[in-house]
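Visitor: Please find one structure pasted underneath; my questions will follow.
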Amino acid sequence: MHTVVVGTSGTTAADVIAVAREGARVELSDDARTALAAARSIIDALAARPEPVYGVSTGFGALAVRHIGPDLRGQLQRNIVRSHAAGMGPHVEREVVRALMFLRLKTLCSGHTGVRPEVAQTIADVLNAGITPVVHEYGSLGCSGDLAPLSHCALALMGEGDAEGPDGRVRPAAELLAEHGIEPVELREKEGLALLNGTDGMLGMLIMAIADLQRLYVSADITAALSLEALLGTDRVLAPELHAIRPHPGQSVSAANMSAVLKGSGLVGHFQQDEAPRVQDAYSVRCAPQVAGAGRDTLAHARLVAGRELAAAVDNPVVLPDEGRVESNGNFHGAPVAYVLDFLAIVAADLGSIAERRTDRLLDKNRSHGLPPFLADDPGVDSGLMIAQYTQAALVSEMKRLAVPASADSIPSSAMQEDHVSMGWSAARKLRTAVDALGRIIAVELYAATRAIELRDGLTPAPASRAAVDALRAAGAQGPGPDRFLAPDLAVVEAFVRDGELIAAVERITGPLA
């Protein structure tokens, strides 16, 4: 099994995905253990002084004015975890919880939080044991970080609350720790606070969304090319010299992907042979690279922000080992992450919208240039893909609602101490829903476009298009014919897109797409 070693200088998106989705093992580097011990020595020295230090010998948030004596500090750290583990609603997905735990571990190992090495090791042990604390949908305002979600994880480290075992069953965390020989953590000064203050949940979801959207943008280029082909459109608008004069990089990439898919097609360019020749294709076909390209450029910006956050040490207060001091700060505010999460939801909605417009065009006999109404076998007796497009349209409408930015909102908390929050967790949760919806929308376009290509008798599709059609049929999605129960076919196509089988089938002909 792949092992991810956590050091002092952050981590990578690939490591996050390996731990969150693939169950990779986690180990602490020697440098991380040294940094943890050095930072802890600073906390221990400050704890011994009579002067109050925030997070070490004081209360938290609006209660930071109270100095806490040594005899109550362990209870203080336990209490912040228990009281902040106040989430409600459905359980959050296992991969999200693993990502946020791993990212919190990454920050602890930076040597800027002041926790003991054994606390960091316990997180690694819990991840390696396949134990997943129960985290709830609601509870984070994205400032101070993802407090409630991280608190539920910290609670499990203490041997309290519930967690999901490797078998998927939810049980008391204490039982699961005992079964795997993991001692519950006895928190000391600063440690409870250090386990809670971070953007780890929203960042983990951003990283996974970026990976998923990268795959979906390639898939959307493929389905746009198939739709262009099925509509007998022209590929001349994909010429690289046209995109070079408007040098947005994503646009050129999308156009190049579409050109690669269409290479050798016998369907493109027939629009000039119509009785009423088209001068140009509709926007949803002709402007596909411009829309998908702008989304790709937004994805590149989100990747830049995620990379910076992966290199960050987010906590409050933080330990500055070189200076030997602890300072309060506002680095836990989720605004940088929240903004790009919202931005990605916007571009995903637009990509879904243009894909639906191409599907609708394929189904409309007045705009499909010779295809049967709704791609039906016997129109009137058969309804074809009429309602598949309804489903797609409902998903597009949902995505438009999900595109409303969460980060434009703020709601005061903690007696006005935390009077401006990022809502980054909410932005991340709705983006996950949007990504799932986009995959389904692309699947419906693929289903319609492949059927339409097969209905173009006497015309030969591009080799890459033929490969996509053949692979989809081999996966179990049926081609043209009388009406049948469509939901199973659509589920097959959705999995075909989600699991990367569409891209794999096409790339066997085209080579790697970008």
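Visitor: First measure r as the distance between the Cβ atoms of ALA47 and ARG508, then evaluate 1/(1 + (r/R0)^6) with R0 = 60 Å and state the FRET efficiency to the nearest 0.05.
Guide: About 0.45, to the nearest 0.05.
Visitor: Quick check for you: with a 1.4 Å probe and neighbouring chains kept, what is the accessible area per residue of segment 115-182, in Å²?
Guide: Value returned for segment 115-182: 32 Å² of accessible area per residue.
Visitor: A further question on this structure: Any idea how far apart ASP297 and SER397 come out in nm if each label point goes 7 Å out from Cα toward Cβ?
Guide: About 3.2 nm, to one decimal.
Visitor: Under 19 Å between alpha carbons, and skipping anything fewer than 8 positions from LYS430 in its own chain: which lysines qualify?
Guide: LYS400
Visitor: Using only the alpha-carbon atoms of the chain, report the extent along each of the three principal axes, biggest first, to the nearest angstrom.
Guide: Cα extents, longest axis first: 91, 48, 42 Å.
Visitor: Multiply the residue separation of ALA244 and ARG25 by 0.36 nm, subtract the distance between their alpha-carbon atoms, and state the gained length in nm to one decimal.
Guide: 74.3 nm
Visitor: Moving on to the next point. Treating cross-link reach as a plain straight distance, find the lysines whose alpha-carbon is under 29 Å from the alpha-carbon of LYS190, omitting any fewer than eight places away in the same chain.
Guide: LYS106
Visitor: If packing is taken as the average number of other Cβ atoms within 10 Å across a peptide's residues, how do 343-352, 304-313 rank, most packed first? All intermediate terms of the calculation are to be shown ahead of the outcome.
Guide: Details: 343-352: 24.1, 304-313: 16.9.
My ranking of the peptides, most packed first, is 343-352, 304-313.
Visitor: What angle, in degrees between 0 and 90 and rounded to the nearest 10, separates the Cα long axis of helix 94-108 from the longest principal axis of the Cα atoms of the chain?
Guide: 50
Visitor: Same structure, new question: Quick one: with all protein chains in place, what share of the accessible area of segment 22-85 is carbon or sulfur, to the nearest percent (1.4 Å probe)?
Guide: Here it works out to 53 percent.
Visitor: Given R₀ = 41 Å, FRET efficiency for ALA495-GLU186 by Cβ-Cβ distance, to 0.05?
Guide: 0.35
Visitor: Kindly report, to the nearest 10 Å², the accessible surface of THR391 as traced by a 1.4 Å probe over protein heavy atoms only.
Guide: 70
Visitor: Rounding to the nearest 20 debye, state how big the charge dipole of segment 109-193 is about its Cα centre with +1 on each Lys and Arg Cβ and -1 on each Asp and Glu Cβ. Could you put the intermediate results ahead of the total?
Guide: Working: 5 positive and 14 negative charges, 42 e Å.
I would put it at about 200 debye.
Visitor: What nm distance separates the two modelled labels at LEU459 and ARG367, each placed 7 Å from Cα along Cα→Cβ?
Guide: Output for this residue pair reads 1.7 nm.
Visitor: Oh, and also: I need the calculated FRET efficiency for the pair TYR138 and CYS287, taking r as the beta carbon distance and R₀ as 45 Å, to the nearest 0.05.
Guide: The calculated FRET efficiency here is 0.70.
Visitor: To continue, here is another question. Relative to a virtual label point 7 Å from the Cα of ASP470 in the Cα→beta-carbon direction, which members of segment 230-273 show backbone nitrogen distances below 12 Å?
Guide: Within reach of a label on ASP470, which here means backbone N under 12 Å from a point 7 Å along Cα→Cβ, segment 230-273 contributes nothing.
Visitor: Please give the peptides 326-332, 249-255, 176-182 ranked by average Cβ packing (other Cβ atoms within 10 Å per residue), highest first, as a rough proxy for protection.
Guide: 249-255, 176-182, 326-332
Visitor: Now a separate question. If you place +1 on the Cβ of every Lys and Arg and -1 on the Cβ of every Asp and Glu, how big does the dipole about the Cα centre of the chain come out, in debye to the nearest 20?
Guide: Taking the Cα centre of the chain as origin, the dipole is about 620 debye.
Visitor: Mind giving me the nanometre distance, one decimal, between the label points for MET1 and GLU175, set 7 Å out from Cα along Cα→Cβ?
Guide: It is 2.2 nm.
Visitor: Please give the peptides 33-46, 290-303 ranked by average Cβ packing (other Cβ atoms within 10 Å per residue), highest first, as a rough proxy for protection. Write out the running numbers ahead of the final one.
Guide: Values: 33-46: 18.5, 290-303: 20.4.
Top to bottom by mean Cβ count within 10 Å: 290-303, 33-46.
Visitor: So, in Å, what gap is there between the alpha-carbon centers of segment 418-472 and segment 1-58?
Guide: 39
Visitor: Now a separate question. Against the longest principal axis of the chain, how steep is helix 463-475, in degrees 0 to 90 to the nearest 10, with axes from Cα atoms?
Guide: Long axis of 463-475 versus the principal axis of the chain: about 70 degrees.
Visitor: Further question: What's the angle, to the nearest 10 degrees (0 to 90), between helix 249-262's Cα axis and the longest principal axis of the chain?
Guide: Orientation of helix 249-262: about 40 degrees from the principal axis.
The values are calculated or read from the model by the stated rules, or taken from the named source; none is laboratory data. Model, not experiment: these values are computed from the prediction. Positions of Cβ are generated from backbone atoms using ideal geometry, with glycine treated the same way; all protein chains shown enter the neighbour counts. All accessible areas refer to the heavy atoms of the entire protein, side chains included, with ligands and DNA or RNA removed. Shrake-Rupley method; radii C 1.70, N 1.55, O 1.52, S 1.80 Å.
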